[in-house]
Structures are given as structure tokens and as C-alpha cells.
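Structure first, then comments.
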Amino acid sequence: FLFKGNSQESDIEFLSDKASGANNGDSSPIPIWYTNQALVAGNKPTYKIVEPPEDPREAMHEYRLDWMPDRTAFYFNGVQQAVLTKNVPFTPASITWNNWANGDPSKSVVERAPPTGS
């Protein structure tokens with residue numbers, strides 16, 4: 001994702017567990033969420049949920065995000081999947097890769113809790 005603060009963020013996300021609540025418990029293939037987070041706190045983000053042409057877990061894939069002043073375009077293996085024109089970040093940002101689990105059954109695998117620290 002591109003990140004320059006909570007109001008300047010564009011994401012490419014998917015949850016690898018089909019049983020996740022965000023995947024409706026049995027989604028196949030697993031959908032990818034393309035999102036521009038809200039520019040104003042409390043407002044809703046802009047997003048598009050897309051079923052990729054291939055299972056994201058089965059092989060290496062190219063994910064691309066093109067950020068322009070008036071839109072954010074998202075690609076999977078070179079094929080445009082979504083274009084968002086609302087909540088487009090207006091500040092240059094860093095690219096971040098993140099892999100996380102927080103224990104929320106709609107976003108994580110319920111049977112395997114995240115590390116709690118020691």
C-alpha cells in the first residue's frame with residue numbers, strides 16, 4: 001500500500017484464508033480489495049472488490065498501483081482491475097508491504113491467534 005498517514009492511503013489487500021469473515025467464509029477465488037482510504041476522518045473509504053483471474057495464493061503475481069492526481073489505478077498481472085477517482089491521496093507517500101493478523105474473526109484466522117508478545 002501507499003501510506004502517508006491515515007488520510008493519505010491506497011491499499012491492495014486480500015485475506016489468504018477462505019474461511020475469513022471478510023471472505024464470506026467460503027469465497028473462491030479469494031477477492032482482492034482495492035481501496036483509497038477516506039481523506040477526512042469519519043468518512044467512508046472508496047473501494048472496489050474484485051475476483052482476480054487467478055488465485056493469488058497459487059503462484060507469483062504482479063500487483064501494481066498507479067497513483068495520479070485524479071485517480072488511483074490498480075493492476076493484477078498487468079491487467080487493470082480497478083480505477084478509483086474518489087478519496088485519491090494528494091500527498092506523495094512511501095510504499096509499504098504488510099502481513100498481519102489481529103485476532104478479529106472477520107480479518108484473521110480464528111483458530112490461530114496472533115502472537116501476544118512475551
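Of the residues examined, Ala93 is one that is within 14 Å of Gln8 (Cα to Cα), at pLDDT below 90 and open to solvent by less than 70 Å² (accessible area, probe 1.4 Å). Scanning the range 51-80 for residues that are hydrophobic (A, V, I, L, M, F, W, C) and either closer than 18 Å to Asn98 by Cβ or at pLDDT below 90 (or both) yields Ala59, Met60, Leu65, Trp67, Phe74. Number of residues in the range 30-77 that are in contact (Cβ under 8 Å) with a residue 40 or more places away in the chain, among the hydroxyl-bearing types (Ser, Thr, Tyr) and open to solvent by 50 Å² or more (accessible area, probe 1.4 Å) equals 1. Apart from one condition, Val83 fits all of (1) part of a strand (DSSP E or B); (2) over 13 Å from the mean Cα position of the chain (by Cα); (3) at pLDDT below 90; the exception is (3). Sub-6 Å Cβ pairs linking a first residue in the range 90-105 that is assigned to a loop (DSSP other than H, G, I, E, B) to a second residue that is surrounded by 10 or more Cβ atoms within 10 Å (Cβ to Cβ) and at pLDDT 65 or above, at least 6 apart or interchain, are Thr91/Lys4; Thr91/Gln8; Ala93/Leu2; Ala93/Phe3; Ala93/Lys4; Ala93/Gln8; Thr96/Phe1; Thr96/Phe3, ordered by first then second residue.
The values are calculated or read from the model by the stated rules, or taken from the named source; none is laboratory data. From a predicted model like this one, the values you see are computed outputs, not experimental measurements. Heads up, the Cβs are rebuilt from the backbone with ideal geometry, glycines too, and the neighbour counts pull from every protein chain shown. Just the protein is used for accessible areas: all its heavy atoms, side chains included, with ligands, DNA and RNA removed. Shrake-Rupley method; radii C 1.70, N 1.55, O 1.52, S 1.80 Å.
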